[in-house]
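The structure under discussion appears below in the form of structure tokens.
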Amino acid sequence: MTKIAVFGANGHIGSRIVREALDRGHETVAVVRDPAKFVAEEHGKLTVTTGDVLSPESVAAVAKSADVVVSAVGGGDGPGHLATIRPAAESLVAGLRSLGAAGRTAPLLIFVGGAGSLRTPGGKRVWDTTGLPEAVLQIMHAHGDALDFLRTVDDVRWTNLSPAATIEAGTRTGTYRVGKDDLVVDDEGNSRISMEDYAVALLDEAEHPRHVGERFTVGD
Ligand SMILES: NC(=O)c1ccc[n+]([C@@H]2O[C@H](COP(=O)([O-])OP(=O)(O)OC[C@H]3O[C@@H](n4cnc5c(N)ncnc54)[C@H](OP(=O)(O)O)[C@@H]3O)[C@@H](O)[C@H]2O)c1
């Protein structure tokens, strides 16, 4: 059993990660900004705590007893993502780094990323697709900037898990295909994953880390 702390636990993706972690029997800490707004059934292995991903002190307080720290935070619109996503990555690394400096092996950070920087089958990046709205481009580049930052980090264990191009609420099949920097697509060229199967892939990585220090992606 692993202790997993999830920032963004009340979000669309974060709530699926919390559910999957609990279903696997992990001690799970839902980190939210306002516990009054947290919607989840009570569960013996679930703890709800207040935290701000943008505060390294808050990250360290949450992470000090965790084996894995997940960031599933979002920033809402494009400017919100630009103000949140790379700063969140920097704050998480600073918070985890402070634990390592204290002599403890810092937990593994698994960062929910974006699909924009993945290569399409044609060789372009997703964010080079013509016609994308400015707000979507801002969200994609916010995640690209966070990934660029994480790739400079070699003293904290991190993994960035990029969803498929489309990630939606759906069903848990328990299966997925894995890519590294290339979009996972089906025979028709579609790239999709349910939030439930994305959570399966993330928990598989939490239990058996195979992509420490790198980004990977999953699709159905
Ligand atoms: N295809 C793709 O590449 C793709 C598609 C979808 C999503 N994503 C990415 O996946 C991530 C999660 O998406 P989502 O749809 O699940 O987002 P969401 O439903 O908007 O949830 C985001 C969560 O982040 C939390 N949060 C924001 N700022 C925070 C802070 N400073 N400290 C702690 N928590 C904070 C929010 O907390 P509150 O409840 O307190 O507001 C919220 O629960 C996003 O970064 C998004 O860009 C990528």
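If the condition is being of a type outside the set (A, V, I, L, M), more than 10 Å from the ligand (Cβ to nearest atom), within 24 Å of residue 161 (Cα to Cα) and surrounded by 14 or more Cβ atoms within 10 Å (Cβ to Cβ), then region 24-46 contributes 24, 26, 27, 28.
Taking the criterion of being touching a Pro at 6+ places or on another chain (Cβ under 9 Å) and farther than 23 Å from residue 15 by Cα, the residues of region 162-211 that qualify are 182, 183, 185, 189. Taken over region 146-179, the criterion of being within 12 Å of the ligand (Cβ to nearest atom), buried (at least 16 other Cβ atoms within 10 Å of the Cβ) and farther than 10 Å from residue 198 by Cα is satisfied by 146, 147, 160, 165.
Looking at the structure I just gave you, is residue 133 buried (at least 23 other Cβ atoms within 10 Å of the Cβ) and not aliphatic (A, V, I, L, M)? No, not satisfied.
The sole residue among 115, 106, 88, 61 that is part of a loop (DSSP other than H, G, I, E, B), within 14 Å of the ligand (Cβ to nearest atom) and of a type in the set (Gly, Ala, Ser) is 115.
Inspect region 48-57 for any residue being part of a strand (DSSP E or B) and among the hydroxyl-bearing types (Ser, Thr, Tyr) and give the result as yes or no. Within region 48-57, one or more residues are part of a strand (DSSP E or B) and among the hydroxyl-bearing types (Ser, Thr, Tyr).
Restricting attention to region 120-145, the residues being of a type outside the set (A, V, I, L, M), more than 17 Å from residue 76 (Cα to Cα) and within 14 Å of the ligand (Cβ to nearest atom) number 4.
A search for C-beta distances below 9 Å between a residue of region 65-76 that is within 14 Å of residue 111 (Cβ to Cβ) and at pLDDT 95 or above and any residue that is among the polar types (S, T, N, Q) and more than 12 Å from the ligand (Cβ to nearest atom), counting only pairs 6+ apart in sequence or on different chains, returns 68/2.
Evaluating residue 153 against the criteria (1) over 19 Å from residue 62 (Cβ atoms); (2) in contact (Cβ under 8 Å) with a residue 60 or more places away in the chain; (3) assigned to a loop (DSSP other than H, G, I, E, B) leaves one unmet condition, (1).
The values are calculated or read from the model by the stated rules, or taken from the named source; none is laboratory data. Every value quoted in this text rests on a predicted model; they were computed, and no experiment measured them. Backbone-built Cβ (ideal geometry, glycine too); neighbour counts: all protein chains shown.
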